[in-house]
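Here the structure is laid out as structure tokens; the discussion comes afterwards.
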């Protein structure tokens, strides 16, 4: 019996490691495809889509994240486009910002699915609505601060560990696979294929993470615990750092919130922390691309998120929590209010794209 359990455990660990390795391989492969296709997209982006300013790229990133139900592939795409000089560093920065704004839409969708399965509607959708409110309130401040830092070059010429050898070795192996695709497909198709592979690679990494059982971890006793905002902030940051997906780290709040395991005041700092560490995969992509500008852009985004979020958590949490709670109460008070909220999510980025 014990030997059988050990074999099953070893098999499970081997499967997890294989998924993680497969996810890494697909991630690097997707970057290669996006880099190859991005250079051909420059005329399309600048002339046909008229993505000529920071507002356009903000709206583009926002809409793309909503449509593909994930922000990370869009953020990685922003890095690849800048590396190919299809967009400027400032446009890449705001496109990453847009990816953060649209990424939380999947959490709202998860809440909706959970609600139609019989759970109380607004309890199930609280995490999604809160995620969108919090992300919007922070990113409104991140944009001007980040653009100022980019303009003043406060953070520039950064470098991370050199992954050139890893990428070169992998390219030698993957060229027989990517070569025919690059020869046959147009640039835009390569770029879209790269985005799809990024999403798939992150899903493989997600599946490689061990399952968390609420009863075994004690999370089912959350109502009995008293969390300080800074503790929940660090918890959100840590869980997202491990999962590399804000959709997952915040998505797990949907059942916890619907069943009363987590209260609103616990969720707010958790989401603020999650929104910072979610860019770790984008930072890894920037290091793989090897463009110092890309590393600077992503680091500035992370620094801005920390600079804005930490004072709110440590110095002004209760006023901020009350303001967010009032906004949440207004949105969930009537269906009309919720409809207005949904319209804002899609209409505002469209306006930005058309500016």
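The values are calculated or read from the model by the stated rules, or taken from the named source; none is laboratory data. Bear in mind that the values here come from a model prediction, so they are computed numbers and not experimental data. A quick note on method: Cβ atoms are made from the backbone with ideal geometry, for glycine too, and the neighbour counts reach across all protein chains shown.
Listed here are the helices (runs of 4 or more DSSP H) enclosed by the range 1-84 that have at least 3 residues being at pLDDT 80 or above and buried (at least 24 other Cβ atoms within 10 Å of the Cβ): 54-68, 72-83.
If you go through the range 272-307 and keep only what is farther than 29 Å from residue 324 by Cα and out of contact with any helix residue (DSSP H, G or I) (no Cβ under 6 Å at 6 or more places or on another chain), you end up with 284, 287, 290, 292, 296.
Residues that are under 28 Å from residue 231 (Cα atoms) and at pLDDT below 90: list the helices (runs of 4 or more DSSP H) wholly contained in the range 274-355 that include at least 1 such residues.
On the way: elements: 280-289, 292-314, 317-333, 335-354.
Per the criteria, 280-289, 292-314, 317-333.
No other residue among 152, 213 is within 23 Å of residue 95 (Cβ to Cβ) and either modelled with pLDDT of 80 or more or surrounded by fewer than 17 Cβ atoms within 10 Å (Cβ to Cβ) (or both) apart from 152.
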